Amino acid sequence: MKHYDIVVCGGGIAGVAAALAASRKGKKVLLAEKQAILGGLGTSGLIYIYLPISGENDKLIASGITEELLRRCPDYGPFSMSEHWGGSPGSDCGHAGTRCLCCFSPAGYALTLEKMLREADVDLRFDTSVIGAVCDGNNRLTEAELFCGSEREKVSADCFIDASGGAYLLHMAGARVFPGENRVTPWVMEMNPQPRSNYYFTGNVGIYPSSDAASATEKRLAFTADDLQKFFKRQYEIIRSTYDKLPAKQQKECYPLHLPCMAQVRKIARIAAMAEIGDGFAGVPVKDSIGVAADWRKMAPSWETPYGALIPEKVRGALAAGRCINSSGDAWEIFRVIPAAAMTGEAAGTAAAMACSRGIDPADLPVADLQKELVNNGCILHIADAR
């Protein structure tokens, strides 16, 4: 059985940030991704916008790897950071907003993420699903079972990070999880002489959220296998109906180029953790905060992140990152998006590396030590420190 210092489950933005942070601390890291492309919903789900890392008063509220990943968005694609945020005069971030954000080519950004992991010497496994977990008598996660092609393989690690988006690894390890409600709002890439939104790649290729057909209030719980199949079915129905309603002449000019390769489920499951980020946390200082998430929807107070929201209440030797940390209610809307995923991913990867070096459980890592390390890495921990 191969042993790693840290095994990261999931190659979305949270998993990439976690793997980068841990590997840059000199740890032997495995990143297992179930698809053949990195980026999760942002790339496979065609949700191609790195939402704001600036908060109120036009100040930067997140930095470190979170900012690094944002500034790498234009590497392989048509967009650029706006001039206000460091881009060249007249540069186009692909969005009408003025905040610190940028759109990206899904395929191009996946190339960037793979390059960054390669440079960090992360052991990256594509087309590899995590299908099992083993805990010892003290509820410490010690092994994960992987599946690729027709082969099964078990790996052990000193620490595991669940960045799967749905808390799949921790759920298999015995952690309590809570499913979320999701609207069926598929985004597709289309050929369209007149794109339906502010987002675009070139003059005649538009990417858009199919808002007309998806504005219904119907929701789906998306955690069980049956729920996911229903979600997929409804997603295809909405996309087809959008194009079926177009006039015949327009159908020859406007048609789908690429469909999402994964369920565009924003909130699959969150863990029961040592701390919970809930309604009322907006703008509230948190002593043990390990990062800040901006309200991506509007200019509003940002949200600090208690370290305990990343630590499962029962399973030891593991951390959560990204959409499956313990954020509920309106907080889940804030923490499910790309910048928050990157921020919690870096915190989880850093904490896992520090815990491995000290031979302790991540739950026993002094938060003050973690905060100091994150600040040294350029991270912003508190709203008051926005710059």
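The values are calculated or read from the model by the stated rules, or taken from the named source; none is laboratory data. All of these numbers come straight from a predicted model, not from anything done at the bench. Cβ atoms come from the backbone with ideal geometry, glycine included; neighbour counts cover every protein chain shown. For the accessible areas, the whole protein counts, side chains as well, though only heavy atoms, and no ligand, DNA or RNA atoms are used. Shrake-Rupley method; radii C 1.70, N 1.55, O 1.52, S 1.80 Å.
Placing unit charges on each Cβ (+1 for Lys and Arg, -1 for Asp and Glu) gives the chain a dipole about its Cα centre, and among 110, 260, 78 the Cα reaching farthest toward its positive end belongs to 260. In the chain, Cα pairs under 8 Å separated by at least six residues give a relative contact order of 23 percent. Size descriptor for region 22-146, Kirkwood hydrodynamic radius: 16.5 Å (Cα pairs only, one decimal). Between residue 224 and residue 96, the simple spin-label model (points 7 angstrom out along Cα→Cβ) gives 4.2 nm. Please find, in a Gaussian network model of the chain (springs between Cα atoms separated by less than 10 Å), the residue of 257, 30, 111 whose mean-square fluctuation is greatest. Most flexible of the set in this elastic network: 257.
Taken along the Cα-to-beta-carbon direction at a fixed 7 Å, the label points for residue 376 and residue 136 span 2.8 nm. Per-residue surface analysis assigns residue 255 an accessible area of about 90 Å², computed on protein heavy atoms at 1.4 Å probe radius. Using the Cα coordinates of the chain, the gyration tensor eigenvalues translate into equivalent-ellipsoid semi-axes of 32, 24, 20 Å, sorted from longest to shortest. Assuming charge only on the beta carbon of Lys and Arg (+1) and of Asp and Glu (-1), the dipole of region 21-126 about its Cα centre is about 440 debye to the nearest 20. Taking a point 7 angstrom from the Cα of residue 57 along the C-beta vector, which residues in region 357-387 have backbone N less than 15 Å away? In region 357-387, the label zone of residue 57 (backbone N under 15 Å from the point 7 Å along Cα→Cβ) covers 381-387. Quick check: Cα centre of region 227-269 to Cα centre of region 142-179, how many Å? Between the Cα centre of region 227-269 and that of region 142-179, the gap is 30 Å. Over region 252-359, the fraction of Cα-Cα pairs per 10 Å bin, rounded to whole percents and listed from the shortest bin up, is 14, 44, 25, 11, 5, 1, 0. So how tilted is helix 13-23 from the main axis of the chain? Cα-based, degrees 0 to 90, rounded to 10. Here the helix axis deviates by roughly 40 degrees. Only Lys, Arg, Asp and Glu carry charge here, each on its Cβ (+1 for the first two, -1 for the last two); on that basis the chain has a dipole of about 600 debye about its Cα centre.
Cβ-Cβ distance of residue 333 and residue 253, R₀ of 45 Å, FRET efficiency by 1/(1 + (r/R0)^6): the value works out to about 0.80.
Compared with the alpha-carbon gap, the fully stretched path from residue 245 to residue 107 is longer by 46.8 nm at 0.36 nm per residue.
Going toward the positive end of the dipole of the chain, with +1 on Lys and Arg Cβ and -1 on Asp and Glu Cβ, which of 370, 43, 11 do you reach last? Highest projection toward the positive end goes to 43.
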